[in-house]
Amino acid sequence: MSDSAPQPTQRAPRAARWPELSIVVPVHNEADNLRLLVERLKAVLAAEVSSWEIVFVDDGSRDDTLSVIRELNADDPRISAVSFSRNFGKEIAIAAGLDHAMGDAVVIMDADLQHPPEVIPVFLAKWREGYFNVYGQRTGREDEARLKRNFAKAFYRIFAYFGETELPEGAGDFRLLDRKAVDALRALPERARFSKGLYAWVGFRSIGVPFQVAEREHGQSKFRYRKLFSFAFDGLSSFSTVPLKVATWSGAVIAVIAALTAVYFLLRTLLFGTDLPGFPSLIVSIMFFSGIQLLSLGMIGEYVGRIFAEVKRRPLYLIGERVGFDARTVDHPR
Ligand code: UDP
Ligand code: MG
């Protein structure tokens, strides 16, 4: 995905009132992590950029997250937040963060310090070299349970095979996006958002930066298996129509088999007469076909469901409260 020699671009700041760098952080019940995160970010950012902001997206937290953010904002107005009316999920939270970030470049990162702020200078260096999409590539997933790791691996293999967009290996949400890429992403209206696929889909000059995933600082991961499975299917169905074709193809293959079987029974009956009423084969074939039909219907249903979700055109998210945005002009709400 990466070009060999990008031309360094002259990046004149868009306007003095916009920060050079925005940090977008989706947060869901992360009250314990935020202060440390901000501290470490500040230490890194001071030397790296002329101006910055941190945009938290409080994704329906039920702990003290929002009040901690309010305190952080009172201490430092460069820290602001939008707070959802309920939990909308990390993907949507990232979309909202991108909607509210004003920077010439935007870094997306987790709140739990698994994404080390110390990697951001490397992102910035690549950005200044002329890359528009600098993604962190995790080196190893040793921190995760073996089962989860294997599922992830299987998913990426399936996606690489069937998906219509190429995903760089080990790339996640931890990345820096140039304003151009951010605006491109914001123009994608879909509701089922599989960010990893969308980042790759918008393209632009991209490069990976390897980083070591840290241990989660406080609390535990919010992604359980069920959520991960539905996430995986969202990803596949948003970027591939292969599951739909499976129905067509298996239908065709079964029809051929059925025709051959019919010929076989016909000939046998003509030549030898019937010695055995064919109940077993009947039952087996009925069950087989019902199974295939249900499978195909289900598959189509999944897509229809997704179409339904899209055509309703509900807003992507609802904001319950803004912290630190009143004084600023949000001149590009969705
Ligand atoms: N998160 C979110 N909404 C959710 C679940 C998670 O905004 O519904 C945030 C969470 O606060 C964290 C990031 O997404 O900043 C990654 O979550 P987590 O660490 O639980 O996921 P993992 O590291 O296991 O992928
Ligand atoms: Mg985490």
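For region 176-216, applying the loop criterion from DSSP together with a ceiling of 16 other beta carbons within 10 Å to the chymotrypsin sites (Phe, Trp or Tyr not before Pro) yields 204. Here 234, 110, 183 are placed in order of increasing Cβ neighbour count within 10 Å, fewest first, which gives 183, 234, 110. To the nearest ten degrees, helix 65-75 and the longest principal axis of the Cα atoms of the chain are 30 degrees apart.
A 18 angstrom limit on the alpha carbon distance is what I want to check against. Which of 90/196; 153/196; 227/312; 42/180; 90/312 exceed it? Table pairs above 18 Å Cα-Cα are 227/312; 42/180; 90/312. Dipole check for region 87-138: with +1 at the C-beta of Lys and Arg, -1 at the C-beta of Asp and Glu, and the Cα centre as origin, the magnitude is about 140 Debye.
Highest mean first, the peptides 98-109, 113-124, 38-49 sorted by other C-beta atoms within 10 Å per residue fall in the order 98-109, 113-124, 38-49. Once the convex hull of all Cα atoms in the chain is built, its volume per residue stands at 166 Å³.
Considering helices alone, the calculated mean residue ellipticity of the chain at 222 nm is -16000 deg cm²/dmol, with DSSP H runs of length four and up weighted by -39500 (n - 2.57) and normalised per residue.
Out of every Cα pair in region 241-312, what percent are spaced more than 14 Å from each other? Every Cα pair in region 241-312 considered, those over 14 Å come to 71 percent. Along each principal axis, taking the top coordinate minus the bottom one, the Cα set of region 93-187 gives 39, 31, 27 Å in descending order.
Among 30, 310, 91, sorting on how many other beta-carbon atoms sit within 10 Å of each Cβ, with the fewest leading, yields 310, 91, 30.
The dipole here belongs to the chain: it is taken about the Cα centre, uses +1 on the Cβ of Lys and Arg and -1 on the Cβ of Asp and Glu, and is about 840 debye.
On a 0 to 90° scale, report how tilted helix 225-239 is relative to the longest principal axis of the chain, with both axes built from alpha carbons and the result rounded to the nearest 10. Result, in degrees: 80. Residues 156, 135 in ascending order of nearby Cβ atoms (within 10 Å, fewest first): 156, 135.
Using the average count of surrounding beta-carbon atoms within 10 Å as a protection proxy, the listed peptides 70-81, 169-180 rank, highest first, as 169-180, 70-81.
If one takes the longest principal axis of the Cα atoms in the chain, at what angle in degrees, from 0 to 90 and to the nearest 10, does the Cα axis of helix 242-272 lie? That helix lies at roughly 10 degrees to the long axis.
Where a number appears in this text, it was derived from the coordinates with a stated rule and is not lab data. Because the structure is predicted, anything quoted here is derived from the model rather than measured. Cβ sites come from the backbone with ideal geometry, for glycine too, and all protein chains shown count toward neighbours.
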